[in-house]
Amino acid sequence: MLVVLLHGIARTSRSMRPIKAAIRGAGYCTLNLDYPSRRHDLAGLADIVGQQLAAAGAWDAPKLHFVTHSMGGLVARQLLLGDRPTHARIGRVVMLAPPSAGSEVADFLAPLPPYRWLYGPAGQQLTTSHRSGIWRTSPDFELGIIAGATGWPYLLGNLLLPRPHDGRVSVERTRVDGMRDHLVVPATHSFIMRVPEVQRQVLHFIRHGGFAHRVDGPAEPRAATGPATDIQQ
């Protein structure tokens, strides 16, 4: 089984290294992608990611899971609900802090030239008013979403977002119709993928299709035997 990792907007694959290490340590192969998040809209980014998966042979994996952060979840959703290869065996998808229904922070910042320059076309699609086909389509894969509920130290988020929120997205706006499970953890938006409990929950969902809502339970056993590797891009 292969787990594809997708970072958020204006980030790189480096931001996903902590959770990549946890997934590899559990015995899974990983593909931690970089994509030009500031240069294209969501559809264009999904096309680029799809081409990267094809070049790596990832679409032919026996089972293909995804773990995403922030806007990476929207890119994955665009990709998986779009023209993915018919033979692809999509497994489970875990989205960390996805702005599924947009963000009031983006509403406030989107008209400003610095925001448009920094976040590009996709940044304009993070507002609460943006609705494309993927927002109206329920996923045909098993989807788990983990939302953060620690807004400090995001001053703007604390001023604009309804509570609870992670400083960038409210918990309510992370939800997706048709998702399999949803979990709220004490984490901030930018660093949710570094939280050990989040990493444990990601692995639990990949293994079982649901989160361990009793977070004080014992750690799950390793998912596979033998060494894990990365697929080279």
Quiz item: In the neighborhood of Thr188, defined by Cβ-to-Cβ distances under 15 Å, what is the net charge if each Lys or Arg adds +1 and each Asp or Glu adds -1?
Solution: +2
Practice problem: Return the long-range amide H neighbours of His182 (sequence gap of 5 or more, or a different chain), with a cut-off of under 5 Å between placed amide H atoms. | Solution: Ile145
Exercise. Wrap a convex hull around the Cα atoms of region 45-179, take a quarter of its surface area, and give that in square nanometres.
Key: 8.3
Quiz item: Counting only DSSP beta bridges with both residues in the chain, what percent are antiparallel, rounded to the nearest 5?
Solution: 5
Exercise. Return the distance in nm (one decimal) between the two label points of a simple spin-label model at Asp34 and Asp107, each offset 7 Å from Cα along Cα→Cβ.
Key: 3.6
Self-check item: Within the chain, helix-based [θ] at 222 nm, where runs of 4 or more DSSP H residues each add -39,500 (n - 2.57), nearest 500
Solution: -8500 deg cm²/dmol
Exercise. With all protein chains present, calculate the accessible area of Val93 using a 1.4 Å probe and round the result to the nearest 10 Å².
Key: 0
Exercise. Filter the DSSP H helices in the chain by two things, a Kyte-Doolittle mean of at least 0.0 and an axial alpha-carbon span of 15 angstrom or more, and list the hits by number.
Key: 42-55
Quiz item: What is the distance, in nm, between label points placed 7 Å from the Cα along the Cα-to-Cβ direction at Arg14 and at Asp41?
Solution: 3.1
Exercise. With the Cα gyration tensor of the chain in hand, give its eigenvalues times 5 under a square root as the equivalent ellipsoid semi-axes, listed largest first in whole angstrom.
Key: 26, 21, 15
Self-check item: Distance between modelled label sites at Asp177 and Asn158, nm, 7 Å Cα→Cβ extension
Solution: 3.6
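The values are calculated or read from the model by the stated rules, or taken from the named source; none is laboratory data. No experiment lies behind these values; they were computed from the predicted model shown. Neighbour counts run over all protein chains shown; Cβ positions are idealised from the backbone, glycine included. Areas reflect the complete protein model, heavy atoms only, side chains present, ligands, DNA and RNA absent. Shrake-Rupley method; radii C 1.70, N 1.55, O 1.52, S 1.80 Å.
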